[in-house]
Amino acid sequence: MSDVDNAKRRVFLEVCHRIYRKGFAAANDGNVSCRWSDNFLTTPTGLCKGDLKNDDLIIVDSQGNIVEGKLKPSSELPMHLAIYRLRPDVQAVVHAHPPYCTGFATAGIPLEQCVLPEIVMTLGSVPLTRYGTPSTEEIPSAISEVITKSDAVLLANHGAVTVGKDLMNAYYKLERIEHFAHILFIARQLGGEVRLSPEQVSKLYELRRESGAAGLNAGCITCNTLFSDECGVQGCALKKDDDAGSGGGDDLNSIIQAARNIFNNKRRD
Ligand SMILES: [Zn+2]
């Protein structure tokens, strides 16, 4: 194995270990993957992320067939593969159950409030999917509806998924939205958050665009444009004259169907 591959595997394991150490996943929960040439490196089912070793990792192809490794992949692998099909720009996917994010996801509350400048600047809002039964094709289907608009998503009554240009980038987005959810939770104990005004959000979007960080944004409560194609806030990534915001990839329905096919063919644990 090349030095580059070895280094990537070390980062992969570091991300898994951090997820467990930070309390983002209990027992065997959570799963991680990254692109590996034309295939994908991913976590096995049934093992604690805090204990994972190099030998435990699995390489699968785009259909979920095992290419290398002695263990079975996570039952949520079809969700990861659906994301890679929809988002050619994504190099890594992280899924876990961070308590504050999962609390909001369980209460049915998306993180769409424009409250913290660093969240508006980096992620925009964090949408909530409709509920899907774990380990079924319902989750790939539900996430396919929102992952083209955001790098961070809450899964209803389940947990959170983040994607990124590399493994640490995806991991840090998970850490960032958990921190946001924690702060929002505290603010609500103190009487409720004060939302940024449309003018304040506009300034942040301008800065975001100037910094070259403009990208996906699922919309926000401030301009009441969630999942629409046109945002009212100046500088928002959802402006039609902005070419950012396109997840690229294939037709959504065919992606969802492909995820269903993989799940039906490869059902595990
Ligand atoms: Zn899960």
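List of remarks:
- Against the numbered list (1) in contact (Cβ under 8 Å) with a residue 40 or more places away in the chain; (2) closer than 17 Å to residue 134 by Cβ; (3) within 16 Å of the ligand (Cβ to nearest atom), residue 64 comes up short only at (3).
- Test set (1) open to solvent by 40 Å² or more (accessible area, probe 1.4 Å); (2) of a type outside the set (S, T, N, Q); (3) under 19 Å from residue 167 (Cβ atoms); (4) within 15 Å of the ligand (Cβ to nearest atom) - residue 27 fails condition number: (3)
- Checking residue 154 against (1) in contact (Cβ under 8 Å) with a residue 12 or more places away in the chain; (2) within 12 Å of the ligand (Cβ to nearest atom); (3) more than 21 Å from residue 201 (Cβ to Cβ), the condition it does not meet: (3)
- Meets criteria (within 15 Å of the chain's Cα centre (by Cα) and modelled with pLDDT of 95 or more) for residue 77: yes
- Failed criterion for residue 34 (all others in (1) within 12 Å of the ligand (Cβ to nearest atom); (2) touching a strand residue (DSSP E or B) at 6+ places or on another chain (Cβ under 6 Å) hold): (1)
- Selection count, the stretch 1-24, where residues are open to solvent by 10 Å² or more (accessible area, probe 1.4 Å), within 16 Å of the ligand (Cβ to nearest atom) and without any contact (Cβ under 8 Å) to a residue 40 or more places away in the chain: 1
- Among residues of the stretch 95-122 that are more than 24 Å from residue 80 (Cβ to Cβ), those with a Cβ under 7 angstrom from a residue that is surrounded by 20 or more Cβ atoms within 10 Å (Cβ to Cβ) and charged (D, E, K, R), sequence gap 6+ or separate chain, pair up as 121/208.
- Entirely in the stretch 131-250, the helices (runs of 4 or more DSSP H) that have 1 or more residues that are open to solvent by 50 Å² or more (accessible area, probe 1.4 Å) and modelled with pLDDT of 90 or more: 138-144, 167-189
- Residue count for the stretch 96-130, restricted to those that are crowded, with 16+ Cβ neighbours inside 10 Å, assigned to a loop (DSSP other than H, G, I, E, B) and within 16 Å of the ligand (Cβ to nearest atom): 3
The values are calculated or read from the model by the stated rules, or taken from the named source; none is laboratory data. Just so it is clear, the model here is predicted, and its values are computed rather than measured. FYI the Cβ positions are ideal-geometry reconstructions off the backbone, even for glycines, and counts take in every protein chain you see. The area values use the complete protein model at the heavy-atom level, side chains included, leaving out ligands, DNA and RNA. Shrake-Rupley method; radii C 1.70, N 1.55, O 1.52, S 1.80 Å.
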